[in-house]
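The values are calculated or read from the model by the stated rules, or taken from the named source; none is laboratory data. Just so you know, these numbers come straight off a predicted model, no measurement behind them. All Cβ positions, glycine included, derive from the backbone under ideal geometry; neighbour counts span all protein chains shown.
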Amino acid sequence: MQERAEHLHFLGIGGIGVSALAQVALARGARVSGSDPHADPQTNPAIRRLLEQGATLYTEHRPANLSEEVSLVVASAAIAEDNPELREAHRRGLRVISRAEFLGELMAAHKGPKIAVAGTAGKTTTTAMVSFLLQQAKLDPTVFVGGEVPQLGGNVRIGGETGPFVAEACEAYDSFLYLKPDIAVVANIEADHLDYYGTFDRVMESFLRFVKGVTEGGKLIACVDDPGVRQLLAHAPASLQVVGYGVAQEAASRAENIAPGRGVAFDWITPNGQTTVRLRLPGRHNALNALAAATVGWQLGLPMPQIAETLAAFQGVGRRQEILGEVALEGGDLLVMDDYAHHPTKLRATLEALRDAYPDRRLVAVFQPHLYSRTRDFLAGFADALAQADALVVTDIYPAREAPIPGVRAADIVNLAARRNPQAPAIYLPDKRDIPPMLAALMRPNDLVVFLGAGDIREQGEAFVRLLA
């Protein structure tokens, strides 16, 4: 891209991963265009940045969007084979690669140390924490992360040629197999993306292939508390240097005395010494995310006190327990939050963290299931996790790339959750636009309302805050 002013076209440019790649292409001197029906600068900060930097964006997929100068097309995994722009690119013989392939090529070409953060849950926050550590240590990292991180300037940071390269390694569709890092982090392994993998065994096979891709003499930083990770370690290549982290006694990097609250704290112990880490974020899961990031920093030679001080200043990632508003009511304020949780484990961790952080508030969960296949595969898990809430609202499934599956209904989550916790009101509202006015009638002073899901449910959280105001 630096040698010649190429024109790159991105399909699905509104996605968090594709928009990051487009921003890098622009920064390196390429012309950039892209298409996405969801490319809205009002709701998507990455799209806003792309437009400000000179990208040409379209909100409708048409063959005419590919100018004659386009030399490379980068496509999101959500782009179907019958997409008119994709068909036009193939007709013209243009090179077409996936988002994952492009990210892999960028990592392979990078001259500095390469770090990839994987896991079913927690990889976005852990990637952000690792990147913030390296940024504050003046190592000038290049970063690709699956969320908006204000302290990094967004979902991508463009660093120096020899600084670390940090990438969130997503397992969906085997995407992370294009990454060949020097250091791989694996936080946990559970069944997910079964629309692609079919079984947990195939998920495990993919993670094993990922760690086999670590460069010769590289390191695997693995959470030894997690059953899936322990299964992975039993089959990992002997050439890998494994550095275990977790609360287990055998972990080389260990957390003890985890103290819950508005900001979780723990004692961090390594063979080099011991220090206390205090976070601004709640939840045991965030303690483990921070421990993973701290272990990366420790392995790169950063002093433990410096790591603890930097993690204490980390402010979090957008859509991860993000406060949308706090509205004063007679008798107490009402707190409204947004979280990306869309898997039972993530929902459970988020709700437990909020319960720890705000024990005196009634916890109201508003959930938008993501994908018909995920709703089918984890129906009972969703109900179990959401039954923790004091009140529950569920709206229709966000389909993303999928067509409806007969017999798969969001209402079944409500029915099951109500059986698990009969004392908690549980409501199914098929039209998400009905949520703000319904909540306005349901709410009590001192409530905490959290909007949950990987779709567009955040918009209703913002609308609810506006309605209250």
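Annotations for the structure displayed:
- Taken as a whole, the structure leaves Leu416 outside the set of residues that are farther than 14 Å from Leu452 by Cα, buried (at least 20 other Cβ atoms within 10 Å of the Cβ) and over 22 Å from the mean Cα position of the chain (by Cα).
- The set of residues from the stretch 1-58 being among the polar types (S, T, N, Q) and in contact with a Lys or Arg (Cβ under 9 Å, 6 or more places away or on another chain) comprises Gln2, Ser19, Gln23, Ser35, Gln42, Thr43, Thr56.
- Filter result for the condition that a residue is more than 21 Å from the chain's Cα centre (by Cα), hydrophobic (A, V, I, L, M, F, W, C) and assigned by TED's automatic domain parsing to the domain that holds Gly122, over Leu334, Leu300: Leu300
- Residue pairs meeting the criteria (Cβ under 6 Å; at least 6 apart or on separate chains; first assigned by TED's automatic domain parsing to the domain that holds Thr142, in the stretch 167-185; second of a type in the set (D, E, K, R) and part of a helix (DSSP H, G or I)): Glu168/Lys123; Leu177/Arg209; Tyr178/Glu101
- Residue count, the stretch 255-272 (criterion: touching a Leu at 6+ places or on another chain (Cβ under 8 Å) and either on the phi > 0 side of the Ramachandran plot or part of a strand (DSSP E or B) (or both)): 4
- Just so you know, in the stretch 231-246 the residues that are more than 23 Å from the chain's Cα centre (by Cα) and either without any contact (Cβ under 8 Å) to a residue 24 or more places away in the chain or not in a loop (DSSP other than H, G, I, E, B) (or both) include one that is surrounded by the most Cβ atoms within 10 Å (Cβ to Cβ), and it is Val243.
- Qualifying position, being of a type in the set (A, V, I, L, M) and touching a Ser or Thr at 6+ places or on another chain (Cβ under 6 Å), among Ala39, Ala22: Ala39
- Matching entry among Ala77, Ala100, Ala116 (being under 17 Å from Ile16 (Cα atoms), part of a loop (DSSP other than H, G, I, E, B) and either among the charged types (D, E, K, R) or touching a helix residue (DSSP H, G or I) at 6+ places or on another chain (Cβ under 8 Å) (or both)): Ala77
- If you go through the stretch 210-248 and pick out every residue that is on the phi < 0 side of the Ramachandran plot and either touching an Asp or Glu at 6+ places or on another chain (Cβ under 8 Å) or β-branched (Val, Ile, Thr) (or both), you end up with 16.
- Considering only residues in the stretch 14-59 that are in a loop (DSSP other than H, G, I, E, B) and under 19 Å from Pro150 (Cβ atoms), the one that is farthest from the chain's Cα centre (by Cα) turns out to be Gln53.
- Every condition in (1) surrounded by fewer than 22 Cβ atoms within 10 Å (Cβ to Cβ); (2) among the polar types (S, T, N, Q); (3) within 23 Å of Leu208 (Cβ to Cβ) holds for Thr124 except the one numbered (1).
- Residue check for Pro63: touching a Lys or Arg at 6+ places or on another chain (Cβ under 9 Å), surrounded by fewer than 23 Cβ atoms within 10 Å (Cβ to Cβ) and either over 18 Å from Gly455 (Cβ atoms) or not assigned by TED's automatic domain parsing to the domain that holds Asn155 (or both): yes
- Qualifying residue in the stretch 127-138 (condition: touching a residue at least 60 places away in the same chain (Cβ under 8 Å), closer than 22 Å to Ala287 by Cβ, in the same structural domain as Gly246 (by TED's automatic domain parsing) and part of a strand (DSSP E or B)): no
- Search result, residues across the stretch 181-229 that are of a type in the set (D, E, K, R), more than 25 Å from Arg374 (Cβ to Cβ) and surrounded by 17 or more Cβ atoms within 10 Å (Cβ to Cβ): Asp182, Lys219
- Glu68 vs. criteria within 26 Å of Lys212 (Cβ to Cβ), surrounded by fewer than 23 Cβ atoms within 10 Å (Cβ to Cβ) and not assigned by TED's automatic domain parsing to the domain that holds Val211: no
- Checked against the criterion of being under 24 Å from Arg361 (Cα atoms) and among the basic types (Lys, Arg), the stretch 398-415 has no qualifying residue.
- Residues that are of a type in the set (Lys, Arg) and over 12 Å from Gln368 (Cβ atoms) were ranked within the stretch 437-469; the one that is surrounded by the most Cβ atoms within 10 Å (Cβ to Cβ) is Arg444.
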